[in-house]
Structures are given as structure tokens and as C-alpha cells.
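*Asks:* This is the structure I have questions about; it appears just below.
The values are calculated or read from the model by the stated rules, or taken from the named source; none is laboratory data. Remember, predicted model here, so these are calculated numbers, not experimental data. Ideal geometry is used to build each Cβ from the backbone, glycine not excepted, and the neighbour counts take in all protein chains shown. Only protein heavy atoms, including side chains, enter the accessible area calculation; ligands, DNA and RNA are left aside. Shrake-Rupley method; radii C 1.70, N 1.55, O 1.52, S 1.80 Å.
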Amino acid sequence: MTREQVDSAYVQQLLASIESSPTPYHCVSESARRLDEAGFVSVDRTQSLPKGPGRYFRVDGGSIIAWMVPAKPDRFTVVGAHTDSPNLRVRANADLENASWAQLGVEVYGGVLLNSWLDRDLGLAGRVSLADGSTVLFLDDRPILRIPQLAIHLDREIRDKGLKLDPQTHINPLWATSNTEATFRSYLATQTGASEDDILAWDVMVFDTQPPAIVGLDSDLIASARVDNQLSCFAALDALTSLTLETAAPGAIQVLALFDHEEVGSESATGAAGSNLSSLMERIATAAGLGRTDYLEALTRSYVVSADCAHATHPNYVDKHEPNHHIAINAGVVVKRNANQRYASDAASEQPFRAACAAVGVPVQTYIHRNDLPCGSTIGPATSAQLGVRTIDIGAPQLAMHSARETTGAIDAAYLRNCLASVWRTV
Ligand code: ZN
């Protein structure tokens, strides 16, 4: 692999997209902007779907679904990913005062590597519900929060026992000395331009303000927040917007489903375990002129690719990986297999995916978790169970999954985009 293999323009757009998307709502807003720019038509969540061929998208909170309808559809080819990443979220009664500091109380969202949030320059972003019924997104990338680690002189056990963090007491960020006159509500009023009394509720999240970067001696690695899973969201979106009704596989309705709440098990109105996708797919079929039976028959010919990150082999912890299934960075997209169905892939669902990868020269690696460690999961099994459609779990390899700053490969990012575009062109 060489620096020449990095698709720099694509990687720069990927980094810019992740930087502008510190929350699922921002990821959806950025995705909607790109779809709109590519000529996809926005459909309101509550309105009837447009009839006939075309390219459309629908926003629903932290989830967005885009689709392309050909003249005579008979199946769906779905690519799924998730917009959420583990992080810290500001509580409802947010203001804390401790030992001459003003702090914000936070909840832990998903499987956060808490240590990775220490001693970073943190900002705030999210959505705020106002009394007039509107919802405002805001993004404040000033480094206004810190979670300082305890000095080594005050933590004498750290050398023998390692760092231990209590999620209730050790991770509340500080943002000012207690001399401040600001409250979290007054801060939100400034950010949204609303009066304090008009602020009803919020989903506000902490994020690392350090921008994503190209790193490594050969400039072929990426260090960034939210690689899991905005890397897949962006790759899939870029693949979809590169297609037209003429270049996509004839007869297939191409669907891009970006779900929220994967990091907490996908069971929500906008998560992969809900009816979000299946009900929209049935409405898409109906709007395209298919009856209920046609729709159910279309499902039997359909295919789902669930794109989420995979674990690359960590050179300092090689023994944590299955010794016959090592995964290298910048060496190809990863098919994830698990006999216990933590991943949905099987021999049948690998077939079309491997063919699509071969068609565009994308190498494929296979990940299998060790038997003596519990395996994570993703949206593949939930989507597959909801739809009854053959499904494969794949993804780009990365290190430090769920860290505030993860590491992945710039060449893999392009491999992922290329293989997903190939799936939509051929399946
Ligand atoms: Zn993920």
C-alpha cells in the first residue's frame, strides 16, 4: 500500500463531514445537505411518498433513509449504518457546583472508553426543543469543557491497578470556576437565540474539538472521533450519490438506511430494531405500484449490507485476537462472521458481496471473534430479523473502537465506498 492509493479528495470530504457532525442530528443534517446537493428530493416524514421513479430521502431525528426507485422495481438492495457514537450527554438538571468549580452533570451513552475523554478540549453540540414547537440544532466548537485526570501523586494505586474511573463521580466536565454567572440554560439561550423560559428540553452532547487528521509516516491513516460509524455513513452516502437510475442495478430499489441508537442496542423509533425501515420500505413499494404480496415477494429477492467498523489486530495486544483471523489496516474491507449470530453474515449472504468486491478490485478480509471473549454486535442481526432478508455484516477495520479518537485506514475508507457502490450497481 502506498500514499498514492489514498483518494485524498474523498478522504478530505470524509474528515470534513465527521468534523461537522458531532451528534447523530448533525450527521443526519449533513447527510441531508449532501443528498439535496446530489438532486435527491426531500420527503417529509408525515407526508405520502411520491409515486413513480426518482431519488428521495426522509429525515427522522437521528436517522435518515434515502432511496432510488427505478421504473419496474422487484427487490430492494439496502445498505445500513448508524449515526450514533458512544459519548457523554448533558443531563436535564445539568448545573453542578463542587469545590469552587462549575461543572455539567453528564450521562454515559453507550460503551464509552471513558479514559479517552480525559484532558481533552471538549465542545458541546445538540438539539434544543423550544416553546414555539421548533427544534434548533447548535454546534459550539470552542473548547469550553475539560475532564482533568487526577494527578498521579493523588492516585497512588494507578501504577499497580491501572486507571479506575467511576462513571457517576469522575467524569463530570468542568467549564468555569464557581464565580461564573452562567447556567446551562443561559448558555443554551445564547446558543439558540431563544429566551431561557422558551427552552423546554434538549439532547446535548460533549465532543472532542480536535479536528480529524491524516496521520502516520505514510499519511495513510486517519485519527478521528466517531469513525465508528460515521466512516460507514459517509462511504455509503458517497456511494449512493455517485449513482443514477441508469447506473444502478436495474429492477432494484437502492436504499440507504442510517439508524440512530446502535450503540445502545437499536431498540428505538429510529433504531434498526424498530419498524422504521420496514414500514418505510412497504410504503416505498406501494408508492411504486406494488401490492402487499408483490412487496413480500420483493423481500425474498432483496439483500442487506450492514456496514459498521471491524476490529483491526492491535499490535500491542495480538493475543486478544483470533490467531487465524488477523485483520490488517489498509488491506481491504472486512466481512464479520459469528456462529452465534452476533453478526448476520453467512455463506449465502457473502456470495453477492464478494462478487461485488471482486468486480472493483476491493480485497476482503474475514473477522471472527475469539471464543473466550464476548462478541459485540451491530445493526445486521436486527435489520435481518425485522425484514427477513439475507444480510451481511461488513466494515472497515479500525483500532481503539469507542475511544474519543479512533484510528483507521485512509485506503480502507475508499475501499468501503467502492465496494458499496459496486453492490448497488450489481445486486
Ligand atoms: Zn458501530
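*Asks:* What is the distance, in nm, between label points placed 7 Å from the Cα along the Cα-to-Cβ direction at Leu118 and at Gln47?
*Replies:* The answer from the label model is 5.1 nm.
*Asks:* So, one more: Rule-of-thumb check for the range 142-300: C-alpha Rg over 2.2 N^0.38 Å?
*Replies:* Here the Cα radius of gyration is 1.57 times the empirical estimate.
*Asks:* Please report the spacing between the Cα centers of the range 108-160 and the range 25-78 in Å, no decimals.
*Replies:* 33
*Asks:* Please identify the trypsin sites (Lys or Arg not before Pro) of the range 241-334 that satisfy two criteria: DSSP loop assignment and at most 16 other Cβ atoms within 10 Å. Which are they?
*Replies:* Answer by residue number: Arg301.
*Asks:* Please report how many Lys pairs in the chain have alpha carbons closer than 27 angstrom, counting only residues at least 8 apart along the chain or sitting on separate chains.
*Replies:* Close lysine pairs found across the chain: 4.
*Asks:* Quick check: net charge around Gln341, other residues with Cβ under 14 Å of its Cβ, Lys/Arg +1 and Asp/Glu -1?
*Replies:* +2
*Asks:* With every protein chain kept in place and ligands, DNA and RNA left out, what is the accessible area per residue of the chain? Probe 1.4 Å, answer in Å².
*Replies:* Heavy-atom SASA per residue in the chain reads 43 Å².
*Asks:* Counting other C-beta atoms within 10 Å, and keeping those with at most 12, which DSSP coil chymotrypsin sites (Phe, Trp or Tyr not before Pro) do you find in the range 293-335?
*Replies:* Passing sites in the range 293-335 are Tyr317.
*Asks:* Further, regarding this structure: Report the Cα-based extents of the range 87-208 along its three principal axes, largest first, to the nearest Å.
*Replies:* Over the range 87-208, Cα extents along the principal axes are 55, 33, 22 Å.
*Asks:* Set the Förster distance to 22 Å, then compute FRET efficiency between Glu37 and Ala213 from the Cβ-Cβ distance, nearest 0.05.
*Replies:* Taking R0 as 22 Å, the efficiency between Glu37 and Ala213 is 0.30.
*Asks:* Relative to the longest principal axis of the C-alpha atoms of the chain, give the angle of the C-alpha long axis of helix 276-287, reported between 0 and 90° and rounded to the nearest 10°.
*Replies:* For 276-287 against the chain, the angle is about 40 degrees.
*Asks:* Sticking with this structure for a sec: Going by average Cβ neighbours within 10 Å, how do the peptides 305-312, 348-355 rank, with the highest at the top?
*Replies:* Highest mean packing first, the order is 305-312, 348-355.
*Asks:* Taking 0.36 nm per residue of sequence separation and subtracting the Cα-Cα distance, how much length would be gained by fully extending the chain between Ser275 and Asp160, in nm to one decimal?
*Replies:* So the extension gain works out to 36.5 nm.
*Asks:* While we're looking at this one, here's another question. What is the helix-to-structure angle for 347-359, meaning the angle in degrees between its Cα long axis and the longest Cα principal axis of the chain, kept from 0 to 90 and rounded to the nearest 10?
*Replies:* With rounding to tens, the tilt is 90 degrees.
*Asks:* At R0 = 56 Å, how high is the FRET efficiency between Val318 and Thr426 if r is their beta carbon distance? Nearest 0.05 is fine.
*Replies:* The computed FRET efficiency comes out at 0.95.
*Asks:* Could I ask something else about it? By how many nm would the segment from His325 to Leu373 grow when fully extended, if each residue of separation counts as 0.36 nm and the alpha-carbon distance is taken off?
*Replies:* Gain on extension, His325 to Leu373, equals 15.8 nm.
*Asks:* Still on this model: Suppose the chain between Asn179 and Lys72 were pulled fully straight at 0.36 nm per residue; how much longer would it get relative to their current alpha carbon spacing?
*Replies:* Residue separation times 0.36 nm, minus the Cα-Cα distance, leaves 31.8 nm.
*Asks:* Just in the range 32-77: which trypsin sites (Lys or Arg not before Pro) are loop by DSSP and have at most 14 other Cβ atoms within 10 Å?
*Replies:* Sites meeting the loop and neighbour criteria: Arg45, Lys51.
*Asks:* Can you list, largest first and rounded to whole Å, the semi-axes you get for the chain by taking the square root of 5 times each eigenvalue of its Cα gyration tensor?
*Replies:* Gyration-tensor ellipsoid for the chain: 36, 28, 18 Å.
*Asks:* Using packing as a proxy for protection, rank 219-226, 36-43 so that the peptide with the highest average count of other Cβ atoms within 10 Å comes first.
*Replies:* The most tightly packed comes first, giving 219-226, 36-43.
*Asks:* Take the Cα coordinates of the range 288-427, assign each an equal point scatterer, and use the Debye formula without solvent to give log10 I(q)/I(0) at q = 0.09, 0.15, 0.20 Å⁻¹.
*Replies:* -0.29, -0.75, -1.22
*Asks:* Still on this model: What percentage of the solvent-accessible surface of the range 166-219, computed with a 1.4 Å probe over protein heavy atoms, is contributed by carbon and sulfur atoms?
*Replies:* The nonpolar share, carbon plus sulfur, comes to 47 percent.
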